[in-house]
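The values are calculated or read from the model by the stated rules, or taken from the named source; none is laboratory data. Not measured: the values here are computed from a predicted model. So basically every Cβ, Gly included, is an ideal-geometry build from the backbone, and we count neighbours across all protein chains shown.
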Amino acid sequence: MRVLVVYNHPYQGSFCHAILSSVTQGLTRGGHQVDLINLDKDGFDPVLREKDLKAFITASKDLNAAYSLLDEQVLDYKSRLEQAEHLVFIFPIWWELMPALTKGFIDKVIFPGIAYDYISSGNGMVSRLPGLKGVTMITTMNTPSIAYRLLFGNAIKKALLMGTFWKIGIKNRHWMNLAMVKFSKESKRLKWLNNLEDKFKNLK
């Protein structure tokens, strides 16, 4: 399976980086093809600028004109996304939401004419990614899970798995959230990492 991993964390010593290593090792052990987008190392610009909004509006009428307005980096990500059969995001939850680079990736790549089109009535969306069979979010946070669910409404689940990928028609959607990381024992962290490696080794 061709798996596109979108990673966002600026510090190589982070637990997110350990997660990335476990996920990629598992995928490699399972014979999957791994394509890694490291948003921090790529120097990705997350800001949706005037030309990007113009491309957003233009995409439903003239795709080539829309593409001509997009950054080369976005076009590269577009090509890689179109080849993916599974999409994995790895990022920390900061102030209950994703970091700016992950949000920018959603804004600039999960985009009309790239990831989806509007149906003719304008009241829905259809995926432009027929090869993409699933999306998995892996997140870390220091907030207790129950507080994130009850006080903050599972914001990542609602915003990304439902608000983005359900809307564009991706049926296989999963969220793996590792809570209270800062306060977790080393043995628990190692168990998480081993479970992730095994899970992605057996990804279907």
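Remarks
- Close pairs (9 angstrom Cβ cut-off, 6 or more residues apart or separate chains): closer than 16 Å to residue 142 by Cα in region 1-24, modelled with pLDDT of 95 or more and among the acidic types (Asp, Glu) anywhere: 9/40
- Filtered residue count, region 163-185, keeping only those that are among the aliphatic types (A, V, I, L, M) and closer than 19 Å to residue 129 by Cβ: 2
- Exactly one residue out of 60, 22, 14, 79 is buried (at least 16 other Cβ atoms within 10 Å of the Cβ), over 15 Å from the mean Cα position of the chain (by Cα) and among the polar types (S, T, N, Q), and it is 22.
- Residue that is over 23 Å from residue 30 (Cα atoms), part of a helix (DSSP H, G or I) and not β-branched (Val, Ile, Thr), where the choices are 165, 152: 165
- Residue list for region 19-64, filter: β-branched (Val, Ile, Thr), part of a helix (DSSP H, G or I) and more than 30 Å from residue 197 (Cβ to Cβ): 57, 58
- Each residue in region 116-149 was checked for being in contact with a Leu (Cβ under 9 Å, 6 or more places away or on another chain), aliphatic (A, V, I, L, M), part of a strand (DSSP E or B) and closer than 30 Å to residue 61 by Cβ, and 1 pass.
- Residues in region 109-165 that are among the β-branched types (Val, Ile, Thr), more than 30 Å from residue 184 (Cβ to Cβ) and within 19 Å of the chain's Cα centre (by Cα): 4 in all.
- Residue 97 meets the conditions (1) buried (at least 16 other Cβ atoms within 10 Å of the Cβ); (2) under 14 Å from the mean Cα position of the chain (by Cα) in every case but one. The failed one is (1).
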